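Some notes on the structure that comes next.
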Amino acid sequence: MHRFTFLVLALAVASLITACSSGDNRACTPGTNRACMCATGVSGTQSCNAASAWGACGCDMLDAGSFDAGGNDAGSAIDMSLPDAAAVDSSWMRAQVLATIPALGVATVGTGGGGIAVPDYACRGAWDQTDDGDDAEGIFNFDYGGAINTTVDIKFFPANAIPYDRVCTGDCFTRQATESGSTSTFPIRTNRFMAWASPQWTAEWGSVYVPTATYFVRSEQFIPYNYRTTVPDVAEMQDLYSRSGMTYDANVSTLTGSVQDCDGLFVRNAAVRVFEEAGTLRNHLSAPYLLYGSLSTATQSNGPVTREDGHFVGVNAQPLDARGSLMRLEAWANLGSGSPELLACERVRVFGGTLIDVPLRPRRIGSPSDCTP
């Protein structure tokens with residue numbers, strides 16, 4: 001068996017929502033979206049194609065969904081109320097999402113030679129976690145700038161689902177980290193996803209660390225034995241919120257993650273959107289406020305899409321239930337067609353007062369069934 005170290009990443013993102021006015025047919029910028037008016041008087045959405053021409057107005061929306069296409073200098077006020085029909089029309093859902101996505105340049109990824117290329121999404125919808133029957137021996141190893149001087153239990157969830165109460169039952173198992181932040185080795189199946197969660201604790205030298213939950217961590221991404229990584233403490237989170245004009249407290253949750261293509265490369269020019277458990281798209285004027293960048297660099301002025309590092313932060317995420325509410329995250333980008341495409345879609349449980357890390361890899365076979373079409 002091989003020996004690996006469990007990798008913990010806590011990096012971050014920001015989003016700006018705009019809407020364009022309708023009413024002309026002049027040349028446009030590929031990837032741009034704007035509002036348009038349907039014959040029924042209902043607002044629709046147009047996308048600018050690769051030929052710099054506006055496409056047809058998307059009007060297959062039910063009568064309850066609309067948005068105010070008030071101009072580019074202020075975000076449109078999106079009406080996120082769902083139609084009163086039991087089944088939501090897929091065209092209506094897509095139009096609601098596209099109305100919030102800004103003009104997108106063609107997405108790019110870095111290459112080994114330092115150049116850029118269009119992301120590889122050939123595996124989208126055709127891959128999933130597999131169990132190749134091989135076992136690995138893992139070790140979970142934190143670095144907080146020094147010994148944490150206290151022991152703490154890390155809970156591992158092989159089914160990649162963390163329950164409301166975070167009680168470790170079923171196939172969940174617990175490993176205790178020593179005062180230096182390391183667990184003993186433990187077996188794990190390779191090529192599987194596995195979520196993990198940590199409690200909040202205070203080191204003797206005074207720093208309070210933020211409890212963390214991480215989803216969709218692949219065992220094949222374990223790394224050499226002595227690698228260590230840092231998880232943020234309360235002081236760092238307070239600084240992030242302060243730079244975003246908000247106040248951080250123990251009840252506030254924060255989403256972090258990264259948009260990655262089939263090769264695991266970070267994607268630039270992608271937009272991330274968050275949905276409630278009931279499928280309602282979160283209004284851009286309400287939490288979580290999406291920022292783009294790392295926890296140390298993300299601010300409201302960072303722009304509406306991912307940068308070279310592909311990371312995002314959802315600041316001030318507020319679960320409907322502090323014990324944990326499900327939220328769906330989607331990543332969208334222009335891959336060269338001129339229109340935004342759905343890249344990734346995952347559902348995770350967001351707990352009160354916790355940092356939730358979600359790698360947004362290409363949409364899987366097992367991605368949620370209600371992803372925006």
Among the residues of region 176-193, write down those that are under 23 Å from residue 259 (Cα atoms) and either surrounded by 21 or more Cβ atoms within 10 Å (Cβ to Cβ) or in contact with a Lys or Arg (Cβ under 8 Å, 6 or more places away or on another chain) (or both). 191, 192, 193
Please enumerate the residues belonging to region 288-316 that are modelled with pLDDT under 90 and aliphatic (A, V, I, L, M). 295, 298
Which of the numbered conditions does residue 329 fail, given that it passes all the others? Conditions: (1) out of contact with any Phe, Trp or Tyr (no Cβ under 7 Å at 6 or more places or on another chain); (2) of a type outside the set (Phe, Trp, Tyr); (3) open to solvent by less than 10 Å² (accessible area, probe 1.4 Å); (4) free of Cβ contacts under 8 Å to residues at least 60 places away in the same chain. (4)
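Hey, among the residues in region 136-170 that are aromatic (Phe, Trp, Tyr) and over 13 Å from residue 349 (Cβ atoms), which one's modelled with the highest pLDDT?
First, the residues of region 136-170 that are aromatic (Phe, Trp, Tyr): 140, 142, 144, 156-157, 164.
Next, from what is left, pick out any that are over 13 Å from residue 349 (Cβ atoms): 140, 142, 144, 156.
Details: 140: 81, 142: 72, 144: 61, 156: 91.
Within region 136-170, the match that is modelled with the highest pLDDT is 156.
Between 333, 322, which is of a type in the set (A, V, I, L, M, F, W, C) and more than 12 Å from residue 270 (Cβ to Cβ)?
Details: 333 fails: more than 12 Å from residue 270 (Cβ to Cβ).
The unique qualifying residue is 322.
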When you go through (1) under 25 Å from residue 350 (Cα atoms); (2) in contact with a Ser or Thr (Cβ under 8 Å, 6 or more places away or on another chain) one by one for residue 200, which number turns out not to apply? (2)
Consider residue 306 carefully, then state whether it is of a type outside the set (D, E, K, R), under 20 Å from residue 106 (Cβ atoms) and open to solvent by less than 40 Å² (accessible area, probe 1.4 Å). yes
Per-region count, region 237-270, residues modelled with pLDDT of 85 or more, of a type outside the set (Ser, Thr, Tyr) and over 20 Å from the mean Cα position of the chain (by Cα): 6
Filter region 248-302 for residues that are hydrophobic (A, V, I, L, M, F, W, C) and in contact with a Lys or Arg (Cβ under 7 Å, 6 or more places away or on another chain); which is surrounded by the most Cβ atoms within 10 Å (Cβ to Cβ)? 275
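If you take the residues of region 351-372 that are outside any loop (DSSP other than H, G, I, E, B) and under 10 Å from the mean Cα position of the chain (by Cα), which of them is surrounded by the most Cβ atoms within 10 Å (Cβ to Cβ)? Talk me through it step by step, then tell me what you get.
Taking region 351-372 and keeping what is outside any loop (DSSP other than H, G, I, E, B), we get 355-360.
Checking which are under 10 Å from the mean Cα position of the chain (by Cα) leaves us with 356-360.
On the way: 356: 28, 357: 25, 358: 24, 359: 21, 360: 25.
Ranking the qualifying residues of region 351-372, first place goes to 356.
The values are calculated or read from the model by the stated rules, or taken from the named source; none is laboratory data. This structure is a prediction, so every number in the text was calculated from the model and none was measured. Glycine also receives a Cβ, built like all others from the backbone with ideal geometry; neighbour counts cover every protein chain displayed. Just the protein is used for accessible areas: all its heavy atoms, side chains included, with ligands, DNA and RNA removed. Shrake-Rupley method; radii C 1.70, N 1.55, O 1.52, S 1.80 Å.
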